[in-house]
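What follows is a single structure, written as structure tokens, with notes after it.
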Amino acid sequence: MENSTNATKNTTAFYAQSAIAFGLALFTMLIAVYYLPVDPWPRAFLALGTVFLTTSAFSLAKCVRDSQENQYVVSRLDQARVDRILAEHDPWKDVA
């Protein structure tokens, strides 16, 4: 069984880069929708689609994160059980 005690941590620079990239992409998309030379209805539809895409991306990222955290906890519990069984095992004990 793989020991996953060395969890990788993201740096502050990575978080900053991700936040800046997200903000820039969302800002650019909203500006593009605002200046699109069409009637207000298609513009509103695209803006609403952008907002829905953004919120659903956050929801998906949260679900993936929660799933990974859950697998990590289950893996740690399984490892603790194996460690306990190995610690309690005495190979020289008579089997009756």
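Miscellaneous remarks
- Springs between Cα atoms under 10 Å define the GNM used for the chain, and in it the highest mean-square fluctuation of D66, D78, D39 occurs at D39.
- Gain in span if fully extended, S75 to R43, counting 0.36 nm per residue against the direct Cα distance: 6.7 nm
- Here the dipole of the chain is about 400 debye; that uses its Cα centre as origin and unit charges on the Cβ of Lys and Arg (positive) and Asp and Glu (negative).
- Among the listed values [x] 1.05; [y] 0.96; [z] 1.36, the one matching Rg/Rh (Cα atoms, Kirkwood Rh) as calculated from this structure is [z].
- Efficiency of FRET from Cβ geometry, Y34 and Q68, R₀ 30 Å, rounded to 0.05: 0.25
No value in this document is a laboratory result; all are computed from the given coordinates. Quick caveat, the model's predicted, so the values are computed rather than measured. Cβ coordinates were reconstructed from backbone atoms using ideal geometry, including for glycine residues, and neighbour counts include every protein chain displayed.
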